[in-house]
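Colleague: One structure coming up, written as structure tokens, with questions to follow.
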Amino acid sequence: QLDPETNELVLKSNLQYYYQWVRLRFASKCYSDFLSGDYRKAIRKYSRYKKRLDYEDRLLQFMKSIPDGQKYQAVIPELNTIKQGLKEQTRISEAFIIYISWIVNTIFLFPLFLGLYYLLLYISTRGALYSTGIELYNSMLVLLPTIITSIVPSYFSRKLLYRIFFRKNYRKKLEYDALFNGKSEAKLMKVFAYIIFLASLTVTALLASTGISFYSNRFVDKSNFFDIKGTSYSYDSLDSVWLIKGRYNGFNEWLDNPSYVLVLKDGKTIDLYDFTELSDSEERIIPILKKHNIPFFDAKTIDDIFPQSG
């Protein structure tokens, strides 16, 4: 039902995509295995294809018909550009450059993610006297989404890296790159980039809203990673505050890591060890709690804490 011009344009576009797909099939590892004479690998890989080209069906039958041990040299090794291209793509030097690019991108993006983290923290804890998320050792967690996001620019900047680090072989690098990174791969990487970017923003927002915030008349516990709203408590709901000397790890080894523990009247305990260092607790949190006449006690471990009645 399309007009002739549109119909011709659609047909031409579809044929172009089809021919690009066909050419990519000749840049596959299974075809490279055939050219190299490794028929067992080639047969195994081609057999997994649900849809094969007519040529690939004939090639598969041809390889199966060759007796074991006998080889057919499809092309001399010097002309096997597919194998050379795969080798170039997996060279240690090139992987090292991509790795360096990854590090540089991480260094560049980290201040942006860190700034976004503190902006979201300010919005979510506006009016708070203190929030545990403000500490640098907590905000450094945004390094994880930064590292993941840095993977994508390393792919899109690869041609620039070729020009910088492979000046003599720059043209050759581009030719091999064209074999394995066509338009379909570029589109896939763009979609992948959007997904990674949105996921990193989500993780950064969740990190910024995780912690404990203390206000003049209440404190909000957002201990759970996905608990954006959190649970609000009045200071009257606190039964006591305990300073414990340390804790035992999973191997029953004593760790001399003191911390303050908030005990609510309903029996719930909040160990500030999971959110702040002892010095920050004493400097920023304890003065707020002391204004509300909450009793303080000492204990060896959190298991020795018993909420005080009345």
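The values are calculated or read from the model by the stated rules, or taken from the named source; none is laboratory data. Please read all numbers here as calculations on a predicted model, not as lab measurements. Counting neighbours? That spans all protein chains shown, and the Cβs are built from the backbone with ideal geometry, glycine included. These accessible areas exclude ligands, DNA and RNA; they are computed on the full protein's heavy atoms, side chains included. Shrake-Rupley method; radii C 1.70, N 1.55, O 1.52, S 1.80 Å.
Colleague: Pick out the one residue from VAL191, VAL203 that is surrounded by 16 or more Cβ atoms within 10 Å (Cβ to Cβ) and either assigned to a loop (DSSP other than H, G, I, E, B) or within 28 Å of the chain's Cα centre (by Cα) (or both).
Modeller: Going through VAL191, VAL203 in turn, the sole match is VAL203.
Every residue, every condition in (1) open to solvent by less than 100 Å² (accessible area, probe 1.4 Å); (2) assigned to a helix (DSSP H, G or I); (3) within 19 Å of GLU185 (Cβ to Cβ), yes or no:
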residue: ASN7; (1), (2), (3): yes, yes, no
residue: LYS12; (1), (2), (3): no, yes, no
residue: TYR17; (1), (2), (3): no, yes, yes
residue: TYR55; (1), (2), (3): yes, yes, no
residue: ARG58; (1), (2), (3): no, yes, no
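Colleague: Also, quick follow-up: How many residues does segment 120-165 contain that are open to solvent by less than 40 Å² (accessible area, probe 1.4 Å), more than 19 Å from PHE108 (Cα to Cα) and either of a type in the set (Val, Ile, Thr) or touching a residue at least 24 places away in the same chain (Cβ under 8 Å) (or both)?
Modeller: 9
Colleague: Can you tell which of LEU109, LEU179, LEU143, LEU121 is in a helix (DSSP H, G or I) and modelled with pLDDT under 80?
Modeller: Criteria check complete, one pass: LEU179.
Colleague: Can you name the residue in segment 284-306 that is in contact (Cβ under 8 Å) with a residue 24 or more places away in the chain and either under 18 Å from ASN249 (Cα atoms) or among the acidic types (Asp, Glu) (or both) and is also surrounded by the most Cβ atoms within 10 Å (Cβ to Cβ) among such residues?
Modeller: Filtering first and then ranking leaves ILE305.
Colleague: Write out, first by first residue and then by second, each pair whose Cβ atoms fall under 6 Å of each other, whose residues are 6+ apart or on separate chains, and whose first residue, in segment 25-47, is in contact (Cβ under 8 Å) with a residue 40 or more places away in the chain and open to solvent by less than 60 Å² (accessible area, probe 1.4 Å) while the second is among the small types (Gly, Ala, Ser) and assigned to a helix (DSSP H, G or I).
Modeller: Every condition considered, the pairs that remain are PHE34/ALA42.
Colleague: What is the number of the single condition among (1) among the hydroxyl-bearing types (Ser, Thr, Tyr); (2) open to solvent by 20 Å² or more (accessible area, probe 1.4 Å); (3) not in a strand (DSSP E or B) that THR276 does not meet?
Modeller: Tallying (1) among the hydroxyl-bearing types (Ser, Thr, Tyr); (2) open to solvent by 20 Å² or more (accessible area, probe 1.4 Å); (3) not in a strand (DSSP E or B), THR276 fails exactly one: (2).
Colleague: Mind checking which pairs have a first residue in segment 220-238 that is over 21 Å from ILE123 (Cβ atoms) and a second that is of a type outside the set (A, V, I, L, M) and outside any loop (DSSP other than H, G, I, E, B), Cβ under 7 Å, 6 or more apart or different chains?
Modeller: TYR233/ARG218; TYR233/PHE219; TYR233/ASP221; SER234/ARG218; TYR235/ARG218
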